[in-house]
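The structure appears right after this line, and notes come after that.
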Amino acid sequence: MPDAIDQYARKRYSKLLHGNFAAMAGGPEGEDFLRDLAEDARRITDDELEALFEADWRPRLTAAWLIGADRRTEWRERIRELFLESKLVFAGQGYCFALARFGTLADAEILVSYLDRYLAQPTLRYDQQWALAALHHLDADLRTAYTSRYLRPCGLWESWSAANSTDLPFHKMWFDLLCSHVQRAVHAADVRR
């Protein structure tokens, strides 16, 4: 379904990648981008989402952000499957966002499964910092402490991050900011309805 890719992914994947849209979030271009994201998240059909998931990482990244923005939890299992197999670069960023937006213990458990698998392999640099930031976000919302198991001295995060330069405090703050921008856009779309 190339139309779904043209309509939803081509115009926005580069802004979703790494949360690049946050750099323009305060201005009119950023507001337009977030408004369109929230509206398209409601508009896109399940068939169109499936078509995006059948394509490369760009449409998959986009599909996950749209699913997360509209909190379409019926896609949780599909996201879990794609996230744990991690066959394509960058798509996991969107999966982390969607799981954080769903906001349940089941979503935290998916992130834990991912981190258990991929933090134990320091030579693989996938979406580990996104997953830990998403889990930290869920810990704050759910009042849980899943991240503590990774952050203890000599824990999985320490060994993985020693092999992979990363700034976890910044990434946690960045992830929370991205979620906040999307939540604000979704709320504004609700008010306009």
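The values are calculated or read from the model by the stated rules, or taken from the named source; none is laboratory data. Worth saying up front: this structure is predicted, and the values here are computed from it rather than measured. Every residue, glycine among them, receives a Cβ derived from its backbone with ideal geometry; neighbour counts consider all protein chains shown. Surface areas here come from the heavy atoms of the whole protein model, side chains and all, with no ligands, DNA or RNA. Shrake-Rupley method; radii C 1.70, N 1.55, O 1.52, S 1.80 Å.
Selection over the range 106-147 of residues that are open to solvent by 20 Å² or more (accessible area, probe 1.4 Å), small (G, A, S) and at pLDDT 95 or above gives a count of 4. Would you say L84 is under 22 Å from T147 (Cβ atoms), touching a helix residue (DSSP H, G or I) at 6+ places or on another chain (Cβ under 8 Å) and touching a residue at least 12 places away in the same chain (Cβ under 8 Å)? The answer is yes for L84. For the range 1-39, the tally of residues that are of a type outside the set (A, V, I, L, M), open to solvent by 10 Å² or more (accessible area, probe 1.4 Å) and in a helix (DSSP H, G or I) stands at 17. Number of residues in the range 41-87 that are open to solvent by less than 10 Å² (accessible area, probe 1.4 Å) and either in a helix (DSSP H, G or I) or in contact with an Asp or Glu (Cβ under 6 Å, 6 or more places away or on another chain) (or both): the value is 17.
For the range 125-135, the condition holds for no residue, the condition being that it is more than 12 Å from the chain's Cα centre (by Cα) and assigned to a helix (DSSP H, G or I).
For the range 169-193, enumerate the residues that are open to solvent by less than 50 Å² (accessible area, probe 1.4 Å) and under 19 Å from Y95 (Cβ atoms). Passing the criteria: H171, K172, F175, L178, C179, H181, V182, V186. Residues that are under 21 Å from R78 (Cβ atoms) and aromatic (F, W, Y) do occur in the range 6-26, at least one of them. For first residues located in the range 8-19 and free of Cβ contacts under 8 Å to residues at least 40 places away in the same chain, partners that are open to solvent by less than 10 Å² (accessible area, probe 1.4 Å) and lie 6+ apart or on another chain with Cβ distances below 6 Å form the pairs K15/F21. Within the range 138-145, none of the residues are closer than 23 Å to I67 by Cβ, without any contact (Cβ under 8 Å) to a residue 24 or more places away in the chain and among the acidic types (D, E). When each of R192, R101 is tested for being within 26 Å of M24 (Cα to Cα), at pLDDT 90 or above and among the basic types (K, R), the lone residue that passes is R101.
Considering the range 90-105, the residues that are among the hydrophobic types (A, V, I, L, M, F, W, C) and either within 13 Å of the chain's Cα centre (by Cα) or surrounded by 24 or more Cβ atoms within 10 Å (Cβ to Cβ) (or both) include one that is farthest from A162 (Cα to Cα), namely F102. D56 meets each of the listed conditions (1) closer than 20 Å to K11 by Cβ; (2) modelled with pLDDT of 95 or more apart from (2).
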